[in-house]
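Data block below; observations after.
The values are calculated or read from the model by the stated rules, or taken from the named source; none is laboratory data. Note that the coordinates shown come from a computational prediction; the quantities given were computed from them, not determined experimentally. Cβ coordinates were reconstructed from backbone atoms using ideal geometry, including for glycine residues, and neighbour counts include every protein chain displayed. For the accessible areas, the whole protein counts, side chains as well, though only heavy atoms, and no ligand, DNA or RNA atoms are used. Shrake-Rupley method; radii C 1.70, N 1.55, O 1.52, S 1.80 Å.
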Amino acid sequence: DGETIAVFTKNQTNPYFQTVRVGADVAAKSMNAKTLHYIPTKPDSIPEQLSQIEDVVVKKPNSIVFIPVDYKAMVPGVEKINDAKIPVVNITDRSAGGKFVSFIGADDYSLGLETARYLLKTLGGKGNIVIIEGVKGSLTNVDRVRGFKDALKENPGSKLLASQPGNYQRLQALQVMENLMQSNSQIDGVLAANDAMAVGAIEALDGANRKAQVIGINGTKEAIDAIKSGKLLASGDYNGFAQGCLGTMMAIRSLRDQPVINEIVLKPTVITKDNYQPYDQPLEQRTCPTFEEAGKLASK
Amino acid sequence: MSTAALPIEASSPTPLFELRGICKEFPGVKALDDVSFAVLPGEVHMLLGENGAGKSSLMKVLCGAYRADAGEFFYKGEKVAIASTADAQKLGIAVIFQEFSLVPYLDIAQNIFLGREPKGRIPGTIDRRKILADARRVLDTIGFDIDPSITVDKLGVAQQQMVEIAKAISQNARILVMDEPTAALSDRETELLFALIARLKADGVSIVYISHRMAEVFALGDRITVLRDGRRIDGVRPADVTPDQLVRMMVGRNVDMTYPRNFADKPGEVLLQVKDLTSPTGISDINIEVRQGEIVGLCGLVGSGRSEVARAIFGADPVTSGEIIFDGKTISGEPDVAARRGIALIPESRKSEGLALLRSVGDNLVVSALRKLFPSGLFDQRSAQRTSDSLIRKLRIATPSARQTVGLLSGGNQQKVVIGKWLAAGAKLFIFDEPTRGIDIGAKSEIFALIDRLVAEGAAALMISSEQVEICHVCDRAYVMREGRIAGHLTRSELTEENIVRLGMHHA
Amino acid sequence: MREAAVVSQPNPLQRIPGVAIVLVLLIALFGVLAPGFLSVANLSNVLVQSTILTMLALPMTLIIMTEGLDLSMGAVLTLTSLCVAIVSLATKSMLLGLCAGIAVGAAFGTVNGWLVAILGIPPFVATLGTLGMAQGLSLIVSDGQSVVGIPHNVRDIYSATLLGVPVPIVMALVTYAAFHALLYHTRFGTYIFALGGNREALRYAGLSANRLLIAVYAIGGAMAGIAGLLMTARMNSGHPTAGLGLEFDAIAAVAVGGTSFERGNGWLLGTVLGVIAVGVLRNGLNLISLPSSVQVASVGVLVIVALFLDGLRSRS
Amino acid sequence: MREAAVVSQPNPLQRIPGVAIVLVLLIALFGVLAPGFLSVANLSNVLVQSTILTMLALPMTLIIMTEGLDLSMGAVLTLTSLCVAIVSLATKSMLLGLCAGIAVGAAFGTVNGWLVAILGIPPFVATLGTLGMAQGLSLIVSDGQSVVGIPHNVRDIYSATLLGVPVPIVMALVTYAAFHALLYHTRFGTYIFALGGNREALRYAGLSANRLLIAVYAIGGAMAGIAGLLMTARMNSGHPTAGLGLEFDAIAAVAVGGTSFERGNGWLLGTVLGVIAVGVLRNGLNLISLPSSVQVASVGVLVIVALFLDGLRSRS
Ligand SMILES: Nc1ncnc2c1ncn2[C@@H]1O[C@H](COP(=O)(O)OP(=O)(O)OP(=O)(O)O)[C@@H](O)[C@H]1O
Ligand SMILES: Nc1ncnc2c1ncn2[C@@H]1O[C@H](COP(=O)(O)OP(=O)(O)OP(=O)(O)O)[C@@H](O)[C@H]1O
Ligand SMILES: [Mg+2]
Ligand SMILES: [Mg+2]
């Protein structure tokens, strides 16, 4: 009891990582452990997360739950943790190297695919679509956009008008959307690679008094509110809360010599107006899945 | 005017260096108009002229800092080209500029040998020991006793001027140009400089010397060239002219150099009263009184603390203890408080304190008067323009227009702007700190006439000057300072140069 | 650092070309390359998008004229935008939200001015310091999350029109008029011109250079507060990173607009043209779907080209 | 700006305090608050972490002494780090990779110097422009992806030791020695003082200020190239955003170290102490687990406190 778990996330401002952190806190509390959060002050900064690892290794927490800011560039950092013999659980972005107690993540490709399919089904398999991408080159973005595009290929009646980056930022997405509406008089669907950009796109549509079906990914509070009010069609649940919960749970269990699951890739869930209720409550009041449930959440 | 391409005097030996038909135009100003000028070996050649006559410009052409629009150069009778300062240096021309060209955070030795550093063993490095030894040798020749490894930012104006001299001397020049070298020197350093000039002359070095001080012209000069409005007026020998004649050549009219004024027989109310003033800058127990209608002198040696008194009164320096009562009320705080109450300070350093060098003449002239001109806070370009135009006329500031950048004016004209900016501000007390530094003789008497008019209209003036003649001529009475304290007070009848020196000297 | 031409008073006509040429070139370029660029809807779009930047770039012009800089403006804008969102959410009053935004912005501006004027810290590092503080505060007050659910009238500010003109554009025009009057027709404005020259000389001219400097930075902060309202309205929410980095666009716009960084010469109309040039560039590149890797460099290239043209002209 | 009445020897000790006091305070503070802070492992950790920043902050000191600034340094570092990765991956030679990094860095530095010196564009905006270019190029050459699989000897550079001292520290020490010699013992160094202190003096001495300026910026770029090797070694990969924003830390370190932004007064040892102070602060705050929202402001507060102390001392 009383173990310290260091939790590494990528930045402070993406709501997704907030849900991860709350999940970790809830799990740790329920298991009588405590968490310390390490977040780069410069969002997604590689040197800063490397330094944080080096600093944390001096502090020797009992265990680490780790989201790499970059899945390749952080490998030397993971190796440092391994060298220091601190057990580490990898969540969200799968690290390209290093030894982990377990990996908990979601499948971005099938998330993108499933949410895009839902939107296209709603549109009857046709329409003019735009994609607002996240940060170019990031693992999540590459897979989500691939999923989006595969869903479009399944529906030959649909037409991809443009695919432009909004860098996961609300304001940038808003601006991109404003500009896209100028060059395209008819936009039926918007596939945004995260909720923040989806909400930004909705703001732009509202501002121009235009209508289109929009989907996002992550299942953040904002998205749930928008789904509730009918502005957002759907959001793919990236399960940040569950990832935080399960990652921390596995970290603590391995310290206590209890069995752990080596790999959980969570099934994609599309949150819509039909199934949003369980998500519509403050994060802190949600409960973590139990170890037994965890096995069933895995898609494989 | 003389357009002769011949040496000035046929009988003289071949000039060492000669400029013929030099023209130099700046936008709106014809700075040099067909000027010819010859330097003979081993002579001290005085270059005279009003502020803005083109003296500094001519010397900058001579040393390659400016390129002439037209004209030719001859070295020992042979035509040469001077396209850069490097070309001039190769011919043995060195210049002591009117405006300093020193680098603040390099030491004295590095400044003296800037660009000519002795090479160390490793390529690119400097032989530190040699540069210090060389510098010490140069400083010794000019009789300036200072450690060459001190950085220049730690030096006072006078010391900087000495480094500037050392820098020029170190080039072993055959022609040495000195542009108002004594404007910033105290008597002691001036004597050192004169001795040095004598020695250089004996060694066959030619010297071109620019000065507004008549005494120096006659003490040092072998020949004199006078410029006016960018043209060469005449070349004469000191023995053949009187000061009055020289001034007429420079100014083109007669000027009374005794600065006549109507002394205040019955001064008015007490305007300024300084009681037991002490400040961390090194002045203590200062007691001064200035009445309406008076011009009060403040004299003493350089470093005796006169400027510090002025700054403390104006609020530019902090005050440790004591009281300053102005117009019946105590005054304290920053300069803006003093200015609002009606005190004006004409500071001693025009570059750092007096002018915004990159702004226009007009901007600089009206800035202090804006409060009075536009009490509502609204600004009107045209009325500001009128004010600056009338100041330019009143002070005869040589500038193509009020829109000229003030940093491009000649040194003396810049000084006139520093003085001018307070004239329209409606001050009651004017504190002048070396107001005539670098100002030509004609303008000097105009400025004194102006001060006279101001006090006649009920204002008062406190005047600091190192030229004791001026103090004696224009002041109603004077305080003499020594080592940060008031050493004595001289009434009108006691006000003589001997008395000032006696009171100001360190204890014998 | 080279010696400038003779005339120091800003002659607006002489200066127009640098930025005007660039703007005309950009409009011509995108008019040809991007169909729809010249549509009224798109152009009004560009103008509306430029309003927030205008409200930062105008005070930034004054600050740069004092040989200063305000790197904290984007972060302060973010913070004021959050304040507007939080306060208007809590009080249901847009006006109180705006007041809160202006107060917080002006407070930060005053701190900036105090650090620069009284402590004599170089503007770059002083405002870099307050940038961090504003950013940290933004994260703390928002807990890193968007603030949503703010009153409808806030959002309406952004989309409403007045006599057919979008309200943000009206606000930008009013701001321009105010700054124009301030800089060219008040004593305060004249002092700002003088501040750029030599602060010590200004002090010896009997003015409180410190107080003026503080006022200039405080105005910048207050304007960030007003811009914060527009930002919140635009996003219909407050977000803890929304305005970060906008200070660079503002500085770029000022530079493109021909304000000099060394001699206290500023030109407000040039700044506005600079802002529009930045907006046109961003919009046009979006319309022709240039890859974002190239877009990243675009504003930088714009600045260099504009100043290069200016340099060419002033030398000839 | 008052002239000192008494001439005193330039005493470097007089200058230490500003940054030294801060550093000592920080070490004392974290020594008490953070167990493990004073361990040899942690302190060597801090020093190794500071090496990349040292290699940027030293040339930045020279640039700032010329009254310049290089905002592009972080982006150029990113680009050179990618070049090192790509070239050493392709050629299997670390040396060729390093050469490529230095060449690209020096090229960018030269462009910066050219824009500043020849075109007379203010350093802030000129380097803001090249920042965008370097960033765009980084995205293009890497296609937005990490570059991995580079030769082992590259990574080993970062973790190897020489006589027990980590190689990055050895490299930083050598760099410091080189810059010290350059600034204080060569003609070039002398002229750097003149570039910021009095450019006229250089001209009268027959030296080309432009060529010197270009050289100073080029050195900055080349150093970013060498730092790029360390960066790549540290991450065992190249990444298109790795070094972004580091220029601000470098500038902050220079400011904390007591280099003045006017009149050409620079102090290299102060810069190194400034870099270490930044490193100690970041490390200590991590060890005491301060929330990241508070940490965001930390470097900014450090700069302001250090300069505030400096100001206090110089006034008394
Ligand atoms: N770089 C420049 N640009 C424009 N005008 C200039 C420049 N240098 C000098 N002038 C002008 O040329 C004229 C001659 O100036 P110069 O400095 O030679 O006068 P001076 O005789 O040395 O006067 P002073 O006794 O006041 O020093 C002045 O009107 C001055 O304003
Ligand atoms: N003994 C000295 N020898 C040489 N220079 C000195 C000496 N004392 C002071 N100085 C320098 O002379 C300059 C003038 O000093 P200060 O302002 O204190 O005196 P002052 O009485 O106002 O003289 P002035 O008004 O003639 O400059 C300063 O730059 C100072 O550093
Ligand atoms: Mg002159
Ligand atoms: Mg004095």
Mind checking which residues of segment B:341-355 are within 7 Å of chain C (Cβ to nearest Cβ) and open to solvent by 10 Å² or more (accessible area, probe 1.4 Å)? B:Ser352, B:Glu353
For B:Met59, all conditions in the list (1) more than 14 Å from chain D (Cβ to nearest Cβ); (2) within 16 Å of ligand 1 (Cβ to nearest atom); (3) not in a loop (DSSP other than H, G, I, E, B) hold save one; what is the number of the exception? (1)
Anything in segment B:139-157 that is open to solvent by 20 Å² or more (accessible area, probe 1.4 Å), more than 10 Å from chain D (Cβ to nearest Cβ) and closer than 23 Å to B:Tyr209 by Cβ? List them, or say none. B:Asp140, B:Thr141, B:Gly143
Output for segment A:145-159, where each listed residue is within 23 Å of A:Gly200 (Cα to Cα) and open to solvent by 70 Å² or more (accessible area, probe 1.4 Å): A:Arg146, A:Lys149, A:Lys159
Can you find even one residue in segment B:256-277 that is in contact (Cβ under 8 Å) with a residue 12 or more places away in the chain and within 12 Å of ligand 2 (Cβ to nearest atom)? no
Right, C:Ile86: surrounded by 23 or more Cβ atoms within 10 Å (Cβ to Cβ) and in contact (Cβ under 8 Å) with a residue 24 or more places away in the chain or not? no
Filtering segment B:43-56 down to residues that are outside any helix (DSSP H, G or I) and open to solvent by 20 Å² or more (accessible area, probe 1.4 Å), which residue is nearest to ligand 1 (Cβ to nearest atom)? B:Gly52
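Given the condition touching a Lys or Arg at 6+ places or on another chain (Cβ under 6 Å) and open to solvent by 40 Å² or more (accessible area, probe 1.4 Å), answer yes or no: does some residue in segment B:394-408 qualify? Before you say what the answer is, go through the steps one by one.
Taking segment B:394-408 and keeping what is touching a Lys or Arg at 6+ places or on another chain (Cβ under 6 Å), we get B:395, B:397.
Filter once more, so that each one left must be open to solvent by 40 Å² or more (accessible area, probe 1.4 Å): none.
Looking for residues that are touching a Lys or Arg at 6+ places or on another chain (Cβ under 6 Å) and open to solvent by 40 Å² or more (accessible area, probe 1.4 Å), one finds none in segment B:394-408, hence no.
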Of the conditions (1) in a helix (DSSP H, G or I); (2) within 8 Å of another protein chain (Cβ to nearest Cβ), the single one that C:Ala222 does not satisfy is (2)
Run D:Ala209 past the list (1) of a type in the set (A, V, I, L, M, F, W, C); (2) in contact with a Lys or Arg (Cβ under 9 Å, 6 or more places away or on another chain); (3) crowded, with 22+ Cβ neighbours inside 10 Å and report the number of the one that doesn't hold. (3)
Within segment B:101-116, does at least one residue satisfy the condition of being closer than 27 Å to B:Asn413 by Cβ and among the polar types (S, T, N, Q)? yes
Out of all the residues in segment B:72-105, which are assigned to a strand (DSSP E or B), open to solvent by 10 Å² or more (accessible area, probe 1.4 Å) and more than 15 Å from ligand 1 (Cβ to nearest atom)? B:Glu72, B:Phe73, B:Phe74, B:Tyr75, B:Glu78, B:Lys79, B:Val80
Need a quick list: strands (runs of 3 or more DSSP E) entirely within segment B:447-498 having at least 2 residues that are free of Cβ contacts under 8 Å to residues at least 40 places away in the same chain. B:485-490
Search result, residues across segment B:431-446 that are more than 16 Å from ligand 2 (Cβ to nearest atom) and over 22 Å from B:Arg386 (Cβ atoms): B:Asp440, B:Ile441, B:Gly442, B:Ala443, B:Lys444, B:Ser445
Please go through segment A:226-257 and pick out each residue that is open to solvent by 40 Å² or more (accessible area, probe 1.4 Å) and touching a helix residue (DSSP H, G or I) at 6+ places or on another chain (Cβ under 8 Å). A:Lys231
If you scan segment C:244-261, which residues turn out to be hydrophobic (A, V, I, L, M, F, W, C) and open to solvent by less than 10 Å² (accessible area, probe 1.4 Å)? C:Ala250, C:Ile251, C:Ala252, C:Ala253, C:Val254, C:Ala255, C:Val256
Looking at segment D:298-315, which of the residues that are more than 7 Å from every other protein chain (Cβ to nearest Cβ) and buried (at least 23 other Cβ atoms within 10 Å of the Cβ) is modelled with the lowest pLDDT? D:Asp310
When you check B:Leu357 against the structure, is it within 16 Å of ligand 3 (Cβ to nearest atom) and closer than 26 Å to C:Phe188 by Cβ, yes or no? yes
Filtering segment C:195-206 for residues that are part of a helix (DSSP H, G or I), open to solvent by 20 Å² or more (accessible area, probe 1.4 Å) and within 7 Å of another protein chain (Cβ to nearest Cβ) leaves a count of 2
Need at least 1 residues that are away from ligand 1 (no atom under 15 Å from the Cβ) and either of a type in the set (Phe, Trp, Tyr) or within 28 Å of B:Val251 (Cα to Cα) (or both) per element, so show me which helices (runs of 4 or more DSSP H) inside segment B:354-417 make the cut, counting only ones lying wholly within it. B:361-366, B:381-394
Among helices (runs of 4 or more DSSP H) entirely within segment A:1-92, at least 1 residues that are in contact (Cβ under 8 Å) with a residue 12 or more places away in the chain and at the interface with chain D (Cβ under 10 Å from one of its Cβ atoms) occur in A:46-59, A:75-83
Sort through B:Phe374, B:Phe432, B:Phe379 and tell me the only one that's within 12 Å of another protein chain (Cβ to nearest Cβ) and either open to solvent by 20 Å² or more (accessible area, probe 1.4 Å) or under 23 Å from the mean Cα position of the chain (by Cα) (or both). B:Phe379
Kindly check whether there is at least one residue in segment B:339-357 that is away from ligand 2 (no atom under 16 Å from the Cβ) and acidic (Asp, Glu). no
Restricting attention to segment B:299-310, does a residue exist that is hydrophobic (A, V, I, L, M, F, W, C) and assigned to a loop (DSSP other than H, G, I, E, B)? yes
Any chance segment A:162-177 includes a residue that's more than 15 Å from C:Ala242 (Cα to Cα), without any contact (Cβ under 8 Å) to a residue 40 or more places away in the chain, small (Gly, Ala, Ser) and in a helix (DSSP H, G or I)? no
Can you give me the ranges of the strands (runs of 3 or more DSSP E) entirely in segment B:138-236 with at least 1 residues that are away from ligand 1 (no atom under 16 Å from the Cβ) and either within 20 Å of B:Phe113 (Cα to Cα) or free of Cβ contacts under 8 Å to residues at least 12 places away in the same chain (or both)? B:175-179
Among B:Gly252, B:Gly315, B:Gly333, B:Gly282, which is the only one that is in contact (Cβ under 8 Å) with a residue 40 or more places away in the chain and either away from ligand 1 (no atom under 16 Å from the Cβ) or in contact with an Asp or Glu (Cβ under 9 Å, 6 or more places away or on another chain) (or both)? B:Gly282
Consider C:Ala233 carefully, then state whether it is open to solvent by less than 10 Å² (accessible area, probe 1.4 Å), closer than 21 Å to C:Asn42 by Cα and away from chain D (no Cβ under 14 Å). yes
